[in-house]
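Quick notes on the structure that follows.
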Amino acid sequence: MSAQPRWEHIEPAGRPVVVPGKVAPRSDRDAARVVSVIALTSIAAGAIHVAAAATLGRGSSQTLAFFGVVAAAEIVWGVVALAWAPRWWLALGALGNAVVVATWVVSRTVGLPVVPADAWPEVVPLAKWVLTRSGGAGCVREFCDGVWEAQRA
């Protein structure tokens, strides 16, 4: 008898080979699909923010930096989430998106278009209230008095 194994009774396995007990449950596949959609959406939002940085950032380096950093963060997060997505990475993405949305909401709802008398000429047309006093010469007091009187009326 030889030490060689007997191969006569071996039949080729069909493809794909199903390994018992190794099939991912449906909930795991659904979770992977959800993470993939979220990651692709983040990459798309990053592409939109790149376009916004290119158009809105022309006049302001702050705007360019904000949209550039947000775009880079969204794209990097999305690519990493597609390849490797632990819970802490998903939580970091959710927190980052919440900060961006909160920043957008605050920028659209908070603020009064008020400028002092010596404001830059580019800003004056945007203001709804141009104070009569210059910066450092009582403009904050004039503003506070105006708000106080508006609240009493």
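The values are calculated or read from the model by the stated rules, or taken from the named source; none is laboratory data. Everything numeric in this text was worked out from a predicted model, so none of it was measured. Note that we place each Cβ from the backbone using ideal geometry, even for glycine, and neighbour counts take in every protein chain shown.
Some points to look at:
- Among the residues of the range 98-121, those identified as not in a loop (DSSP other than H, G, I, E, B) and not aliphatic (A, V, I, L, M) are T103, W104, S107, R108, T109.
- Criterion: at negative phi and touching a residue at least 12 places away in the same chain (Cβ under 8 Å) - qualifying residue of V99, V115: V115
- Conditions (1) modelled with pLDDT under 90; (2) of a type outside the set (D, E); (3) in the same structural domain as A44 (by TED's automatic domain parsing): number failed by G138: (3)
- Some residue of the range 96-106 being under 26 Å from G57 (Cα atoms), surrounded by 13 or more Cβ atoms within 10 Å (Cβ to Cβ), of a type in the set (S, T, N, Q) and modelled with pLDDT under 90: yes
- Options V37, V70; residue that is assigned to a helix (DSSP H, G or I), at pLDDT 90 or above, out of contact with any strand residue (DSSP E or B) (no Cβ under 9 Å at 6 or more places or on another chain) and surrounded by fewer than 17 Cβ atoms within 10 Å (Cβ to Cβ): V37
- The range 122-133: number of residues that are closer than 20 Å to T63 by Cα, part of a loop (DSSP other than H, G, I, E, B) and either modelled with pLDDT of 85 or more or touching a Gly at 6+ places or on another chain (Cβ under 9 Å) (or both): 2
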